[in-house]
Every structure is written in C-alpha cells, then in structure tokens.
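What follows draws every value from the coordinates through simple rules; no lab data is involved. Note that this is a predicted model, so its numbers are computed, not measured. All Cβ positions, even for glycine, are placed from backbone atoms using ideal geometry, and neighbour counts span all protein chains on display.
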4 protein chains.
Amino acid sequence: MIKAAIIGGSGYVGGELIRFLLFHPKVKLVGVTSQSHTGEKIGNIHQNLNGVSNLLFEKEDVKRLSQKADLIFLALPHGQSMKKVKDINLDKTKVIDLGADFRLEDKFLFEKVYKVEHVSPDKLKKAVYGLPEIKQVEISKAGLVANPGCFPTGAILALYPLAKSGLLSGSVVINSATGSSGSGVKPSVVNHHSERAQDFRAYNVFSHRHKWEISQEIAKISKSSPEIIFTPHSASFVRGIFTTVYVSTVKHHSISEVKEIYQKIYENKPFIRLTDNPRVAVVAGTNYCDIGVFSDGKHIIVTSAIDNLVKGAAGQAVQNMNIMFGMRETVGLEFPGLHP
Amino acid sequence: MIKAAIIGGSGYVGGELIRFLLFHPKVKLVGVTSQSHTGEKIGNIHQNLNGVSNLLFEKEDVKRLSQKADLIFLALPHGQSMKKVKDINLDKTKVIDLGADFRLEDKFLFEKVYKVEHVSPDKLKKAVYGLPEIKQVEISKAGLVANPGCFPTGAILALYPLAKSGLLSGSVVINSATGSSGSGVKPSVVNHHSERAQDFRAYNVFSHRHKWEISQEIAKISKSSPEIIFTPHSASFVRGIFTTVYVSTVKHHSISEVKEIYQKIYENKPFIRLTDNPRVAVVAGTNYCDIGVFSDGKHIIVTSAIDNLVKGAAGQAVQNMNIMFGMRETVGLEFPGLHP
Amino acid sequence: MIKAAIIGGSGYVGGELIRFLLFHPKVKLVGVTSQSHTGEKIGNIHQNLNGVSNLLFEKEDVKRLSQKADLIFLALPHGQSMKKVKDINLDKTKVIDLGADFRLEDKFLFEKVYKVEHVSPDKLKKAVYGLPEIKQVEISKAGLVANPGCFPTGAILALYPLAKSGLLSGSVVINSATGSSGSGVKPSVVNHHSERAQDFRAYNVFSHRHKWEISQEIAKISKSSPEIIFTPHSASFVRGIFTTVYVSTVKHHSISEVKEIYQKIYENKPFIRLTDNPRVAVVAGTNYCDIGVFSDGKHIIVTSAIDNLVKGAAGQAVQNMNIMFGMRETVGLEFPGLHP
Amino acid sequence: MIKAAIIGGSGYVGGELIRFLLFHPKVKLVGVTSQSHTGEKIGNIHQNLNGVSNLLFEKEDVKRLSQKADLIFLALPHGQSMKKVKDINLDKTKVIDLGADFRLEDKFLFEKVYKVEHVSPDKLKKAVYGLPEIKQVEISKAGLVANPGCFPTGAILALYPLAKSGLLSGSVVINSATGSSGSGVKPSVVNHHSERAQDFRAYNVFSHRHKWEISQEIAKISKSSPEIIFTPHSASFVRGIFTTVYVSTVKHHSISEVKEIYQKIYENKPFIRLTDNPRVAVVAGTNYCDIGVFSDGKHIIVTSAIDNLVKGAAGQAVQNMNIMFGMRETVGLEFPGLHP
C-alpha cells in the first residue's frame, strides 16, 4: 500500500483527492491537512464524505507528513507549494503539486506571469509536467510532478496529435468555457449563484496565466511555436471545461485523415474517448477527456470536454501517482459519469 | 412628480428600487446612497442599468436627503433603519422601510427575535405593515410603512382569504422555497453557484424570524391565533418564493366554495392572479402574486408564487408608495414577466 | 456470479441499473433490452457508458432472458410489468420490478389509482414491497420485489421511526420537491430546460398516485392510519427528492428524545445518514438517504434527501438484489457523491 | 396607431412579439394566429401574459389579416414565410419576417442551404436584411424586412466596425454559445432540462446555416470576403447568445485605436453598449447588444452578448417596425434587464 498525504484538503480539488484516495485499492491516506479547518471532520467540509470516513483535518506539518508518507499531494494556491517542497526530500517522498508553481520551466517567465519570486529553482528543474497521455515515461521516473492546469489539460489534449504531426502553424485559437467550481471554494461575486446561474461571459481576455503553460507544452511537442490565443469564459454549469480549438492548416487535410491521426495517437490511452459529440455533462465526475475532431479541409476544429476537478486536477493527479508507482494508470479511476 | 430617495442602493433590493423608480412616470429619483460604493456609477454595480442612468451612489446623509425628498426608501440590513428614521420628520418626509425593524408591533418580541434593542419605539407605534392587498386604507394615510418580508408576503397572501373567513384553526403548515437572491448580494457558502446550482435543502427549521411576522398578521386577520409552522428551503433558482400552505378545516368545504372565497376577496386586486398552476418562473421580474387553491373537502392547500425582490420587496414598496401618494397602485409596475 | 438482465434499459432508471450492474463485483449482466433502441450500443443512448461497455440493446424476449438470468429487473412504465411477469417462473428467476404494478397490495385500489386492470393478481399476492431498511427479512426470501416509488422512498424513510414508535396520528403533511430526471427521459413541456431552469411549482395536488403507496406502508407500520397529505413539486435541479414531513404529536417529545428514536432504529442501516442538514446535492449519485430531525416539542419536522434515480430507483433495486442473493446490502453501492 | 398582426404567435419568439406589441404605445395588436392553439387564450400558452391580455389565438388567415393590418410579423419555421408572403400586398401591408426565408439574397444559395425551393423569388429581391444598426435607411423604406438570425445578429454587430474599417481579412473565427430558448418551444432531447442543465457542447460544427447569413453581410460591408468559421455551442442558460470573434490583422492596431473605431461607429446607436464585460445575464430580457473590444496588437477579440429572443428576434423586429413607421427606434423597447 502506498502511503499518501494531502496538504490543503479543504478546497474543491483537495476534496476530490480525498475521495479518490479513500477508495483507491492500493493507497492508504495517512493524513490530510487544512489550515482553516484543523481538527474538523472531513465530512463536515465535504459533506459527500460524511459517514464515509472519520478522518480529521490535521494541522499542516510538511516535515512530519513527508516522513510518514511515500507521496504528498499539494493542493494549494499558487506561490505556496514552492515553499513546502523545500522541506521534502524527493528521493524519499514523491510530490505531486496541483498548483502552478512547477508548471512553467522558465523561472523568469514564472515570476513574470505569477508576480512572485520562485524560491525553489533547483526543484523546478527536476519537475515533470504531468500530462500522462504525453509524458508517461518521464512521469514514471519523476520525484516531483507538476500537475497541469485545468484549461491546459483540455487544450493540450485537443491539440497534441496536431502538434505532434506538425500540423500546427501560425496562430491557434483556443476558446474555453469553465464551470463555477474552477474558481474554487471561496465565495465571490463571480461564483454567486444569483450572478452566474443564467450567465456567460469572457474573462482575462489575452491575459489568462494558463496561456503560458499551453504555449510551453505545445512548443515542445510541435517543434514550432504556434501563437496561442486563449480566451476563457465563465459558464453556468458547475463542473467541466469545454474547449474549442481552431487551427488553419497549410495543406488540405481530409477529415478522415485528421481523425486517423487522433485515433493512432490516442489508441491506447484509456481516458481519451474520441466521439462526435463531446459534452461536459457526460464527463462530469470522471477522468475522461472526450475529444471531437472536425475539418472542412483547410481548417480543423477540435473540441474537448473534461471535468476540471478530475481530469483537470485531482483525477489526473491520481493518474500520475499510478504511473509514478508502477500501477496501471486507471486504478481507482474507472468510474463512469452519470446520465443524466 | 414625487421626489424619492433610496438609502442603501447597492444590494439586490436597492437595485430593483432604482430600476422601478427610474422608469416610474410620476417619480423623480433625487438620490441613492451606498456606503461601500460611494461615488461609483450605479451602472457599475447594477450592470443592467449601465447606459440607462448616469446616477452616482452618494454618501449616506439621511438628514440632507430627507429635506430634498418627499419619500425615503430604506433598503438596509435589520437594525439599521430604526436608527436612520430618528433623523426623519415623518410629517414632511414619508418613509418606506424594506428591512425588518418596523414589522413586529411588539417591541419586546422584536428585541427577542432580532436580538437588538429597538431604538425608535415611538415610531414603531406609528408604522403600518404595508401589505397593500390587506391594508390599503391604512397605508394611504401612513407616514412610515414597514414593507413586509419576502416569505410573509407569499404566505399571508395565500392565507388571507381563509383567515378572514374564519377557516383557520389549529396549526397551519407553511412550506416555502426561495431563490438565491433572497440571501442578498454578499457572496457566501449558501449562495455559491457550485454549492447551490443543483441543491435543495431546508434551513432555520422552527427558527426563521419571518415566522413571527406571519403569526402577527394572521392572528390579527383571523381573530384566532392559529399556530404557524414555517419552514423555508433554499432552492436552485435565482428569483422567487414558492409557498405551499396546508390547512385543516373543522367543517367540510368544497373546492368551489373555497375558490369563491378567494375570488371575492381578491376581486379587485390587480397583482393577485388566481390560477391552477402558480409558477415561480412566470412571476419572476413582476409584482404579481399567483395563487392556486386546492381542497379535498377536509384539507385546503394553497400555493403562491412571487418574485422575492419585486412583490416580496422593491415592487411592493413601489406599490405602497403609489397608495401613499394617491396614485393607482399599479403605476410603474404593469410589466409582465418573460416566457421563457 | 449472479446473472442479471434488464428489461427496459434505455430510460434514466434503466441506464443507472446498467451502470451499477456493470461495476458490481458479483454480477454478470447477461442482457439489456430496449424496444426503441434494439441493436444500438448502450453507450450511444447513455453516453456516460461510451467506451465503458460494448453491450448492445437487445430485442425484448422475456422468456428467453428469464432462462438465461437468475434475476430480471423490469424498468418499464406502469401497466407493463404485470404482463411481463406472467412469462417468468419466479421459482427459477427472481424479479425486481421498478414500476408501480406490484406496489399496491390491494388489486382494486391499484386498478382505481392506475386506471388499468391488474392482470397478475396471483403474483401481486407474492410481491414484497422492497424498502430494505424496513423489510430486510421479507426481501431476503422474496421471488418478486416491488421496488418502491421515488417519493415514497424519501417519505417513508423519514416517517418510519415515528410510525414504528406510535407517534403518528391525525394527519401527516408530506411536502416534496423533485428534480427533472423524475419525469423520465421523454422530452416534454414540464422538463423543457427553458421552462424549468428557473422554475418551481406544485403538481398533482391531492392526486399524486404515490400517496396511496405511502399510506399503505405507513398504515402497516404504525398500526394506525394517519391521513397522508402529499404534495409533489417540480424543482430546478436534475437529480434528487427533498421531502419535508410535518407531524403533530399528542404528547410533548423533546428533540433529543426524537433524535434517539431515529438513531436506534437506523443504527445499522448503512445508507441512512442522520444529519442536521440533508441536501439534495450531497446525495446526488449515491444510494444514501440523508435524514434531519427537528422538533419544537409539539411538532416534529423530518427532512430527507435522496437521489430519485438511485435510492429512489436503481440503487435501491441493487440493494434489494444484494439482500435477495445473500450479499451485504452495500456491495456495488459504496460510492459517495461529489463535492461540489 | 399602427395596426399590427402576428402570424405564428405560440412559439417563444411569437410570445415575445405579443408582449412587446401589447405594451407598445403606438401599436394596436389586431390579431395573433396559432395553428396548434386556435381559440385558446394567449395567457394559457404564454403564462406571463395571463391576466395581462384576453386575446385569443386566431386561425391563420393571412389574407384577411393583411387587410386589417398595416404590418404583419411572421414568426414561423423556415420555408413557411415565403408561402404566406404571396398573399400579402406589400404596398399596403408591410411585412417583417422573423424566419430565414428572406435573409439570403441568393435564391440558389438559399435553396442549397435550406434544402427547399424558394417560391417567392420576386419578393426575395425586395427584401431588406433588417439589422437596424447597419441598414437604418434601407429599413425605413422597406416593405419586406428579413429579420436577422439570432447568431448573425450577435456576430455581425461584433464585426461590423472592423469590417467597415477594412480590418478583416483571411479567416474570422466566430465562437458562440446559445441558451436553450434558441432551439424553440418544442421539447426535444437537446433542450431536456436533465440533459442540458449542467451541459455544454458544440453542434453543427462547420455546417450551421447561420454561417451563410454572416458571410453574406460581412462580405458586403467589408468589400472583401473574409472566410467565416462559425461554431455554435449549446449552453446551460435559457436566454442569450454570447459571441467571441477572433480576428488577425495585417498591421498592428493598438487597443485604443480599435476601441475608438467602435465608439465612433456605434456612437448614436441606442442599443449598443460598449463595455469591458459583456454578460448574457445582463442583457437578458432586453434589446441591448453589449460589446467588448480587446486587442494585443496583432489580434483583435470582440465579444458580444444579446438576448436571442429580443435583440436576436422579437425586439429587433419591433426596432425594425419603429424605423419602418418613422418612429424613434427605441419606442417600446427601453426596458433594462434584471439584476440579478
């Protein structure tokens, strides 16, 4: 049994991590911390776990936990993980960071985008960007995995086969819609039910931080540097990200040709489902990324649907854990979604 | 033209008041205050009014405003209006209070229920409970009107004909479901979209403060004191209150007999619509109270649907204003709702 | 391995049954029928199961299936199961009927309420009303289980401890709100998103058929016959039923006394969670029934929250299956819900 | 008073037309037809109008109505209006068609896109594409106005200033999200609340018919023919269309330069509001089109929010009527939306 601990368990991502790990057949959850809810039962904060587990949130003590645990999940606001990681010996205790601190390889870019100094530049160099469909081998050897952002997960998985096949050039438009759980557990005007229940709007146009993460990874895969234009939108569902990417190709590519590229590349990827009709409601609660591919010959449109808290965060982290510890990547993540 | 001012214009009720008064043919809005948004354009806070009015939120100065205005609307949290009213000469400037401070006639009951001393007991004695379908004459002469609470509006209008006809006795069950706008503009866990969008729950069982207001008014109308059992529920819509009241009658009353009672009593009430199918979505955005009456002979069930911010707050306040200033009660409130 | 088949697998309840049985460790799903979708992949109709199973919907052939299967689930509109059951030898193949045909013990009452002749009166006599928290022993021996209706499940579980303790008398008010999945997969005006997304309304006041089922079971438990007044409401969530029951007691009962009754009676019931705050969103996707108990001494209010498709239908059917085949009742049903 | 009639009043667009015309100070509604609801009260079908008007739906008799009316609104499925218009003498009775039949100027293109022969090619030549912000003069003289489609309204208004200023070239990406009211009053799987309440998906990728309408109008304005790539999405709100357009420019254009273009061109357009934050919830129920302009120098993103049933259909039709009859274009359309 792998002994796992969670630093930051009272947010939405932390709650999903707890849920997955409690039911994972190969994991023992040895501790979950929360600064704001120390001493409370996890079922009081995550009511879905009421009666499921009697675990209490502990005070945060990274050193102590890292001695008890084989693996630590960090589910913290950006700027915090890089401090915690300093206290962890990665040779003894592996780390999966669900925040942004280790996603951008370039320290200076990170500091520009997140407006904070990076205090663990040595560990930044060791971090692996943990998108399992793309980096399975690297992840299997990693001591520190930077779990991808929610938007980048949906966008990169939609673009990966095109990037790998050299079909990306010029500018790539990425249009995404996210559910309210993406803005976290903290109440605010943008996630007030009265404001959001019947709303749709764009935000952070040209300036969302996930753009850099997408650009970095697409550049590495495609060996060119297509320009990424990324616009997130706030939608009126709770869970999920729907992404529509628009690519113009230099040559004519028939739809069957493009579909074949996707089929081949995603052939043995258990969480990728190619479908004509990706839907947020279908993947909600699951680790699937449903992908649809469309072409009119000159332009390719790819759509993807994920659950932002699962494939876009906690589920992908568990998938990474499975790979890091030599298990099948699907263990503990086989559950399908609900209908309706 | 009536000169009207609003103290506390940045909440949801304040926003609706502004909207109604800006379009009211007989009113000039001479000032709107907000402590937290002084100096900002109202259209920045209430985006629906962007481009509709260039009014700015003023600093709160009750004395000055009461000299400028014929009428002041107070849209403040409970415990505040009773302080503001001290600075207003009711003989010169009428007041409609949309908070709870002047709804309970019994000072000691108010203090017990709201856990705060009542600092305007003299004005409390002069206040008229402003439910226009019941107290039109009193309202027309009032200097200070206590605008009813949202739940009491729906509940009392559902019960009034039964109470007046002496059909209430024993205990009356009032089961209500409210939209998220009822908990106000301030973000909180209960109105977080992620928590509420697919939820339904009861709250303040046996202890909601509106129970006392309902009891007080029903007791006066029915001349008996039926026991009020009131349970509010948080529902996943934004606007509206749906109320289902359950009454057991001593004698057998046919459905046609009961319906006739409602038809007679609400005959000339322009905002009451008797229907077999009251629906929250139908009254949203309107000042209507749709009422459905059902009976199996021994038990009567009455359902009512209102918009909590309109008939349950700002619209009813404008209706009260119309009556206080000798106008038709429907002026500025004739708009129907949307479909869908 | 139990060989199970489903007659009527393309509706919402059928889809949930498929999902549970595919993942049940002790069940092999040997066939699923659908008249309207014969030959199609189940993942085309229930997109959540796309890629999860390659099963096809078969043509309905009850005889053949009953020879292959140890257990048949019937998920059909009322009036149909009683015809299918004629072709099944209950000594060889057990049946769980998720429709209404075997819920009312009195043939004449059934015919009056459902306006159709009962064509299997002999099997009606053998049927056991399958509410596992109440009838575990009877279910364990049954050949034909009538799976309870969704509203009755929430209502009876809320009332059972009071009924059993003799605290029910006079009239009992049951006020329920249901999600749109309760009206089934077939599109209609009442479940049109444009009409329902922001709506709340009562329907079938004094006339909903589930009332008879509740009355029958409560009468048997309480040995008195309290009058059941039941009002269902259409709410704007998708999954769940929230029920609020109102009981007046002859004697004074303190809240701790009443809570103790519930704790004792539900002590070893794994799917009952006593909580101060039952919520539809918390039980969605699970087989839990969360129950809250409140009292002011003279009146008792009990609230319950279930998922109408799980504890109110398919999950409860699997729970019944587990009991009928001598397994722990939780097998295949341990999953918690989501947060948020 | 203008005498107006509506052919096809029982759908969502028809209902909004009735609502606007009943409250329009210069219009008398002389007849509303419905084939499926002939003889019923409009308030039974559009419950928001219950008690507001006692009008009954008439049997469709275009000839008779066109003799009574100065103006006929056609709110019918595509392929029907072109038949009705044959019976109308446009010199005596003006027509505003809210369907698609007169939007595409090229008969052959229409027939290819809508797969039906155009039976009024002579009247097609006279029709004016009724987007008032662009064609005020033509509309003022028109006998037959083709009211624009809902998606084209939001898209063209977002692009118009760029097109007019010659900034469009290459391909233009238009990404839109629509509410469920856009698919009409008829219940179907895609607008089933259970399927849609928490969903988001793309549909008709590369093949939606509104693409041709957008292409036609943008080509005329821009005098070049930028390629239009248009993807509609089904969102989980009821009313509204949010559009995000992506344009790459040949030269560098600063954000202030681009904003100035929009300000100048939309200076005296009462229903266009330039804002940093267009939101569907803010324009719902109104005739506004809120537009946001963003640029990073090389790329321009424009977002627009409209109510698909108002600015995208019935409200725009009334705006066209106002212009056709020499009134201010805002008459009867001044109402703002709700907050929240």
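Quick look at the values:
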| item | result |
| --- | --- |
| Cα shape, segment C:253-308, gyration tensor, a/c 1.5 rule | oblate |
| Antiparallel %, DSSP beta bridges [both residues in segment C:1-146], to 5 | 5 percent |
| Segment B:38-90 shape via C-alpha gyration tensor axes, a/c threshold 1.5 | prolate |
| Cβ-based charge dipole, chain D, positive-most Cα from D:S207, D:I139, D:G315 | D:I139 |
| Mean Cα-pair separation over length for segment C:270-340, i.e. relative contact order, pairs under 8 Å, 6 or more apart, % | 31 percent |
| Over chain B, relative contact order from alpha-carbon pairs under 8 Å, at least 6 apart, % | 17 percent |
| Under 11 Å, Cβ to Cβ, from D:S53 - net charge with Lys/Arg +1 and Asp/Glu -1 | +2 |
| Only Lys, Arg (+1) and Asp, Glu (-1) charged, at Cβ; the protein assembly as shown dipole about Cα centre in debye | 0 debye |
| Gain upon complete extension [B:K141, B:S188; 0.36 nm per residue less C-alpha separation] | 12.9 nm |
| Sites C:E117 and C:F325 - FRET efficiency at Förster radius 56 Å, r taken between beta-carbons, to 0.05 | 0.95 |
| Qualifying GluC sites (Glu not before Pro) in segment C:236-340, DSSP loop, other Cβ atoms within 10 Å at most 11 | C:E267 |
| Only Lys, Arg (+1) and Asp, Glu (-1) charged, at Cβ; segment B:90-130 dipole about Cα centre in debye | 80 debye |
| Total formal charge among the other residues, if their Cβ is under 13 angstrom from that of C:K141, Lys/Arg +1 and Asp/Glu -1 | +1 |
| Loop-located trypsin sites (Lys or Arg not before Pro) in segment A:177-237, at most 16 other Cβ atoms within 10 Å (DSSP) | A:K223 |
| For C:D296, label point 7 Å along C-beta direction: distances to other copies, nm | 2.4, 6.1, 6.5 |
| Label geometry 7 Å along the beta-carbon vector: B:H252 inter-copy distances in nm | 3.8, 8.4, 9.0 |
| Estimated 222 nm signal from helices in chain C, with DSSP H stretches of n ≥ 4 weighted -39500 (n - 2.57), rounded to 500 | -8500 deg cm²/dmol |
| Nm distances between copies for D:G79, ranked from closest, using label points 7 Å along Cα→Cβ | 3.3, 6.0, 6.6 |
| Percent antiparallel among DSSP beta bridges (both partners in the protein assembly as shown, rounded to 5) | 45 percent |
| About the Cα centre, charge dipole magnitude for chain B (Lys/Arg +1, Asp/Glu -1 at Cβ), debye | 580 debye |
| Charge sum, other residues only, whose C-beta stays under 14 Å from A:M1's C-beta, Lys/Arg counted +1 and Asp/Glu -1 | +3 |
| Cα-based shape type of the protein assembly as shown, given that a ≥ b ≥ c are square roots of the gyration tensor eigenvalues and the cut on a/c is 1.5 | rounded |
| Trypsin sites (Lys or Arg not before Pro) within segment A:256-340, DSSP loop, no more than 16 other Cβ atoms inside 10 Å | A:K298, A:R328 |
